[in-house]
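Single-structure report; data block below.
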Amino acid sequence: MLTFAHSTYFHDLLAGFSAGVVIANTKGRVYASNPAAAALLGETAESLAEPATARAILGRTDAPRRLARFLAAPVRHGHRPEPVTCRYRHPDGRDRHLRLSASLLLENEKIFGICFEIDDMTEICDLHARERAMLLGVQAAQRERIEGLGRFSLAVAHQIRNPLMVIGGYAGRLLRRRAGDDPEAAALSMILDGARRLEEVVRSVSRYAVRREPEPVMVDPAELAARAMAAARARTGLAAPLAGDADTGPVRLDAALVEELLTELLANALEAASGPAAPGGVTVRCHRLGAGLCLEVADKGPGLVEDIRPFVFDPFFTTKAVGVGMGLPIARRAAEELGGSLTLEPRPGSGCLAVARLGDARDGLAP
């Protein structure tokens, strides 16, 4: 084999490869390489054969120890190692991204050498870096737009709130001075109801527009579910049988955001389960989901109509005769701020299932 390795045919064959190829013996001494490898590493074929050059090449990478383990693995463990990538500072001063793979050279089932293949991944890595920069730029623009819309919404809500308080206050005051059969009492009641509904819209818009950074603490999901159910019952004035399954134990998450998320989901479930066509019943389940947490709220209401499913998370979308349509958008926003997602799915048979998959530690959750 060594005779063949020194032949002109063999070196012409190596020169034909576009990828860099370096062949070393079991002691790590290079006895063959092609021009592509020399160009990628910024060396000559003669210098690559020097042991000192190998040490210098390792020193130019961003992970010399990892690369040294990769180079030694074929002989030490007797199997082909997984390819590795590294950043390499070329002698010309530019950084390149290289991918190295290795193959064992066997003769009579004995290892007599290792063939290393070096691929230049610089263009691909640069392309990914540009795409990532563009994506981050788009995300930053979207975040700035969302924050701008939030500030605008809060400003509008503030401007509407003050006149509403005047309208509602005076309408209520005038209504209290009217007898029940006074013809103007009905008109004043309509004005007061309209003002109250607009006040609820303003409150919902303000809650939806405010963005908060998660502040994780150790909490009990079962306790949060109980508090959220109490808040949902107080808000809706409705009640339904509650079944709970939250035995995951304490987890580290933002208690306020999770309670807000559950309150909105439970209020929605109570309204669905308390309808004339619903047999009643709300279920809350909580379980681990990898490194995250999954919350499920199910009701036995009339279910989710497929025609309206794409719009249920749109602000102000509602199928109720009197409703603001901000509960589910606020719940989804809370799930996203927790690094997760919220979906609404029809249950087999009847009812609806809301599934909140909450994310990882950097987004406010850490099991």
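The values are calculated or read from the model by the stated rules, or taken from the named source; none is laboratory data. Computed from a predicted structure; not experimentally measured. Neighbour counts are summed over all protein chains in view; Cβ atoms, including those assigned to glycine, are modelled from backbone coordinates with ideal geometry. Surface areas here come from the heavy atoms of the whole protein model, side chains and all, with no ligands, DNA or RNA. Shrake-Rupley method; radii C 1.70, N 1.55, O 1.52, S 1.80 Å.
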Leaving out ligands, DNA and RNA, what percent of the accessible area of the chain is carbon and sulfur, probe 1.4 Å?
56
Could you size up the charge dipole of region 58-164 around its Cα centre, putting +1 on the beta carbon of Lys and Arg and -1 on that of Asp and Glu, and report it in debye to the nearest 20?
520
Can you give me the relative contact order of region 147-267 as a percent, contacts being Cα pairs under 8 Å and 6 or more apart?
27
How much FRET efficiency would the formula 1/(1 + (r/R0)^6) give for Val75 and Asp126, where r is the Cβ-Cβ distance and R0 is 51 Å, rounded to 0.05?
0.90
With R₀ set to 41 angstrom, the calculated FRET efficiency between the beta-carbons of Val138 and Arg29, to the nearest 0.05, is 0.20
In nm, give the distance between the simple-model label positions of Met218 and Phe311, each being 7 Å from the Cα along the Cα-to-Cβ direction.
4.7
Picking from Arg207, Arg55, Arg285, which is most flexible by a Gaussian network model of the chain using Cα springs under 10 Å?
Arg55
Just from its helices, what would the mean residue ellipticity at 222 nm be for the chain, if runs of 4 or more DSSP H residues each count -39500 (n - 2.57) and the sum is divided by every residue, rounded to the nearest 500 deg cm²/dmol?
-15500 deg cm²/dmol
What lysines does Lys300 reach when the alpha-carbon gap must be under 22 Å and sequence neighbours fewer than 8 apart in one chain are set aside?
Lys320
Between the helical axis of 122-176 and the dominant principal axis of the chain, each derived from Cα atoms, what acute angle in degrees is found, rounded to the nearest 10?
10
Quick check: residue separation of Ile160 and Leu106 times 0.36 nm, minus the Cα distance between them. What number comes out in nm?
11.3 nm
Give the residue from Ser350, Ile118, Ile191 lying farthest towards the positive end of the charge dipole for the chain; charges sit on Cβ (+1 for Lys and Arg, -1 for Asp and Glu) and the dipole is referred to the Cα centre.
Ile191
Suppose all protein chains stay in the model; what accessible area per residue would a 1.4 Å probe give for the chain, in Å²?
58
Treating only the Cβ of Lys, Arg, Asp and Glu as charged (+1, +1, -1, -1), what charge dipole size does the chain show about its Cα centre? Round to the nearest 20 debye.
720
Rounded to the nearest 10, the angle in degrees between the Cα long axis of helix 221-236 and the longest principal axis of the Cα atoms of the chain comes to 30
In percent, what relative contact order does region 50-100 have, based on Cα pairs under 8 Å that are 6 or more apart in sequence?
29
Antiparallel DSSP bridges in the chain: what percent, to the nearest 5?
95
Extension gain, Arg197 back to Ala234 (0.36 nm per residue minus Cα-Cα distance, nm)
11.6 nm
Of Ala269, Ala56, Phe70, which is farthest on the positive side of the dipole of the chain, counting Cα position, with +1 on Lys and Arg Cβ, -1 on Asp and Glu Cβ, and the Cα centre as origin?
Ala269
Note: Thr85 to Ser350 extended length (0.36 nm per residue) minus current alpha-carbon separation gives 90.1 nm
For the chain, what does the relative contact order come out to in percent, with C-alpha contacts under 8 Å and a separation of six or more?
10
Accessible-area order (highest first, 1.4 angstrom probe) of the listed residues Asp182, Asp12, Asp62
Asp12, Asp62, Asp182
Listed residue (Ser47, Phe317, Leu106) projecting farthest to the positive dipole end of the chain, Cβ model
Phe317
Set of lysines with alpha-carbon distance to Lys27 below 24 Å, sequence-local pairs under 8 removed:
Lys110
